[in-house]
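**Student:** Take this structure first; my questions come after.
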Amino acid sequence: MKASDLFVKALEAEGVDYVFGIPGEENLDLLESLRRSKIRLIVTRHEQAAGFMAATYGRLTGRTGVCLATLGPGATNFVTAAAYAQLGGMPMLMVTGQKPIKSSKQGHFQIVDVVRMMEPLTKYARQIVSIGNIPALVREAFRQAEQERPGAVHLELPEDVADEEGDGKPIPKSYSRRPVAEEKAVAHAVAAICSARHPLLMIGAGGNRKTTRNVLREFVDATGIPFFTTQMGKGVIDESHPLWLGNATLSDGDFVHRAIEHADCIINVGHDVIEKPPFFMRSAEDKTVIHVNFLGAEVDPVYFPQIEVVGDIANAVWQLKEQLTDSVERREHAWDFARFEEIKRHFEAHLEKGQHDARFPIYPVRLVHDVQSAMPEDGILCLDNGMYKIWFARYYRAREPNSVLLDNALASMGAGLPSAIATKIVHPQRKVVAVCGDGGFMMNSQEVETAVRLKLDLVVLVLRDDAFGMIRWEQENMNFPDYGMTLQNPDFVEYARSYGAKGHRVRAADELAPLMAECFATPGVHVIDVPIDYSDNERVLNREIKRLSAQL
């Protein structure tokens, strides 16, 4: 058996359905092996986009997404996607080629030490040096990628090794279960929650696992404890739930921060310090923070929880729920949520401001409202990184888990469109919308051709302010003059049509929602040019919200 055939058989044994990427000369044996396999190769227009797609596949399925590149420049184009998956907790395997390692007649042409390059960006990076290593290395790579905390792994398959002949067969997956939280730790957490007056639940990205979602909803319904989310925890519980207090989008000064300040005990489920802090701990005496996660807390100047419940999150939350439910029934606590209810009333009223603003270019709150009204409850938004991410994270109500895909870990521009393509592949029956700024869209806009070639039904909103809007906002915050932020864009309608997509342009605020409905009803890839007005960024996000919340 050829080594490349054994490698592909090992991928099949792991349940791989797709490989995203761009092959090169050093991958041709592997490419031929893939051609004869059940795995579908999705050829992209840039390796970075392939990595974003593989990472998103891993995020949505919990199974390792796989992407392929050649040596040198192909492999280096994976770097941003590797960091995206690693920081975002998305299981992904990168497979790269290399020149022959036993004899080469090309000197150091295109040679980069890719394995050493990948080591700081991955959980596991190895070069395959013989056919006999393949089964164990592939199995270990997948195990590492999917084991909590999930992340990126890398295997390099040199050209001469791929062509080797030998024997071998894939190593089957082992049966394993995550360790469960220790009973004494759970009891300690329960005692702290019961003795609190104003407990509050926070849901982070780690709470977004299939079994965890269900038990978290049961926990909230059984205890009546209000909750808020981090950006990457959006939708774990339906945000139309009456106990939802909002999303910690801003670093401080929002209505949700009034709730955080009032809480004397925060049950922190699935958060780690890689995500931008949703709140700041200032002293150990300020409030009790309970860390519930697969792994122990990484202590940080603003995060040093006093109680840690470490183990399978779903089991830990279930144990907490069972014991707290008994406490609720026996009235063994004196919880008071009146302040949280008051904060929620003011927060909900503020969410409605600007929903019907008729100004054009479109006002951000109107944009979010109209996208929400056009999206079905199970529709999926894939956000690139830009100013709009803040508006969507704060104002958009995610109704289902993984229905708002945003990145608050690496926060890389250019991921929105590739993420939406992978999402549509995983969920072909659901409506999928990529929301991109003009800056982020142009970083991987070539993937419009990939979406058209795959015959996907996809809507892409390009929010055009002809600038790097978020950095301009930060520049204004620092009282610096506007400098270096202005862009010149192509005609996005004609640009989309040049790829075979359908191009549209919004010319008035009230055109967006009906246009989205029309696009959803019409097969194909639709790119919508949406001029957006960010002139209120500083006033609303920096001043108005802080002023109104401070009055509570």
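**Student:** Once both labels are modelled 7 Å past Cα along the beta-carbon direction, what's the ASP113-HIS333 spacing in nm?
**Tutor:** Simple spin-label model gives 5.4 nm for this pair.
**Student:** Please compute, for the alpha-carbon atoms of the stretch 3-162, the extent along each of the three principal axes and give them in descending order in Å.
**Tutor:** If we take the Cα atoms of the stretch 3-162, the spans are 43, 29, 29 Å.
**Student:** Right, another one. Multiply the residue separation of ASP466 and LEU454 by 0.36 nm, subtract the distance between their alpha-carbon atoms, and state the gained length in nm to one decimal.
**Tutor:** That works out to 1.4 nm of additional length.
**Student:** Can you give the percent of C-alpha pairs in the stretch 503-552 whose distance is more than 15 Å?
**Tutor:** Result: 60 percent of Cα pairs exceed 15 Å.
**Student:** Per residue of the stretch 202-216, in order, report the coupling 6.51 cos²θ - 1.76 cosθ + 1.60 (Karplus, θ = phi - 60°) as ³J(HN,Hα) in whole Hz, putting x for Gly and Pro.
**Tutor:** 10, 10, x, 4, x, x, 8, 10, 3, 6, 5, 4, 5, 6, 5
**Student:** Would you list HIS271, HIS504 from fewest to most Cβ contacts within 10 Å?
**Tutor:** HIS504, HIS271
**Student:** Under a 5 Å amide H to amide H cut-off, with H placed in plane at 1.01 Å, what residues pair with VAL289 once short-range neighbours are removed?
**Tutor:** The list, which skips near neighbours in sequence, is ILE266, GLN306, ILE307.
**Student:** Okay, next question. At 0.36 nm per residue, and after removing the present C-alpha to C-alpha distance, how many nm does the segment from ASP286 to GLU261 gain when stretched out fully?
**Tutor:** Extra length available between ASP286 and GLU261 comes to 8.1 nm.
**Student:** Between ARG497 and ASN542, how many nm apart are label points set 7 Å from Cα along the C-beta direction?
**Tutor:** Using points 7 Å along Cα→Cβ, the separation is 4.1 nm.
**Student:** Given the peptides 429-441, 303-315, 376-388, arrange them by the average over their residues of other C-beta atoms within 10 Å, most packed first.
**Tutor:** The most tightly packed comes first, giving 429-441, 376-388, 303-315.
**Student:** Per residue of the chain, what 222 nm ellipticity follows from adding -39500 (n - 2.57) for every DSSP H run with n ≥ 4, rounded to the nearest 500?
**Tutor:** Estimated from H runs of four or more residues: -11000 deg cm²/dmol.
**Student:** What is the magnitude of the charge dipole of the chain about its Cα centre, with +1 placed on the Cβ of each Lys and Arg, -1 on the Cβ of each Asp and Glu, and no other charges, expressed in debye to the nearest 20?
**Tutor:** Dipole magnitude for the chain comes out near 680 debye.
**Student:** What FRET efficiency do you get for LYS102 and ARG177 if R0 is 51 Å and r is their Cβ-Cβ distance, rounded to the nearest 0.05?
**Tutor:** For LYS102 and ARG177, the calculated efficiency is 0.75.
**Student:** As an exercise, use a Förster radius of 22 Å and the Cβ-Cβ distance of GLU518 and PHE360 to find the FRET efficiency, rounded to the nearest 0.05.
**Tutor:** 0.70
**Student:** May I ask which of LYS234/LYS353; LYS38/LYS455; LYS210/LYS353; LYS234/LYS344; LYS2/LYS38; LYS389/LYS546 have a Cα-Cα span longer than 24 Å here?
**Tutor:** LYS210/LYS353
**Student:** Turning to a different aspect of this structure: Spelling out what I want: for every residue of the stretch 369-379, take phi, set θ = phi - 60°, compute 6.51 cos²θ - 1.76 cosθ + 1.60 (Karplus), and round to whole Hz; glycine and proline get x.
**Tutor:** Result, rounded to whole Hz: 4, 6, 5, 4, 5, 7, 7, x, 4, 9, x.
**Student:** Under a crude label model (7 Å from the Cα following the beta-carbon direction), how far is GLN429 from GLU348 in nanometres?
**Tutor:** 3.3
**Student:** From the phi angles alone, apply the Karplus equation (6.51, -1.76, 1.60; θ = phi - 60°) to the stretch 339-354 and give each ³J(HN,Hα) in whole Hz, x where the residue is Gly or Pro.
**Tutor:** Once θ is set to phi - 60°, the couplings for the stretch 339-354 become 5, 4, 5, 5, 4, 4, 4, 5, 4, 4, 5, 6, 4, 7, 5, x Hz.
**Student:** Report the semi-axes of the equivalent ellipsoid for the stretch 183-344 in whole Å, largest first, where each axis is √(5λ) for an eigenvalue λ of the Cα gyration tensor.
**Tutor:** In descending order, the three semi-axes are 20, 18, 17 Å.
**Student:** Taking amide H positions as placed in the peptide plane 1.01 Å from N, state which residues far from ILE380 in sequence (5 or more) or on other chains have amide H under 5 Å from it.
**Tutor:** Hits under the 5 Å cutoff: LYS431, VAL432, VAL433.
**Student:** When the Cα centres of the stretch 196-222 and the stretch 280-303 are compared, how far apart do they sit, in Å?
**Tutor:** Using only Cα atoms to place each centre, the spacing works out to 17 Å.
**Student:** Could the peptides 480-486, 241-247, 217-223 be put in order, highest first, of the mean number of other beta-carbon atoms found within 10 Å of their residues?
**Tutor:** 241-247, 217-223, 480-486
**Student:** Another question about this same structure. Give the separation of the Cα centroids, the stretch 492-552 to the stretch 57-108, in Å.
**Tutor:** Taking the Cα centre of each part, the stretch 492-552 and the stretch 57-108 sit 34 Å apart.
**Student:** Just how large is the dipole of the stretch 125-204 about the Cα centre, in debye to the nearest 20, putting +1 at every Lys and Arg Cβ and -1 at every Asp and Glu Cβ?
**Tutor:** About 900 debye.
**Student:** When every alpha-carbon pair in the stretch 431-552 is counted, what percent end up more than 22 Å apart?
**Tutor:** Above the 22 Å cut-off, the stretch 431-552 has 44 percent of its Cα pairs.
**Student:** Would you pull out the residues with amide H under 5 Å of MET92's amide H, same chain only if 5 or more places away, H placed 1.01 Å from N?
**Tutor:** Amide H to amide H, under 5 Å and 5 or more residues apart or across chains, MET92 pairs with GLY65, GLY151, ALA152, VAL153.
**Student:** Choose one of ALA259, LEU6, ALA508: the residue whose Cα lies farthest towards the positive end of the charge dipole of the chain (beta-carbon charges +1 Lys, Arg; -1 Asp, Glu; about the Cα centre).
**Tutor:** Of the listed residues, the answer is LEU6.
**Student:** Here is a further query. For the charge dipole of the stretch 401-456, defined by +1 on Lys and Arg C-beta atoms and -1 on Asp and Glu C-beta atoms about the Cα centroid, which residue among LEU417, GLN429, MET442 has the Cα displaced farthest towards the positive pole?
**Tutor:** My answer, from the dipole projection, is GLN429.
Quick note: the coordinates plus some simple rules give every number you see, no bench work behind them. The structure presented is a predicted model; accordingly, all values stated were derived computationally and were not measured. Quick reminder, even Gly has a Cβ in these numbers, built from the backbone with ideal geometry, and neighbours come from all protein chains shown.
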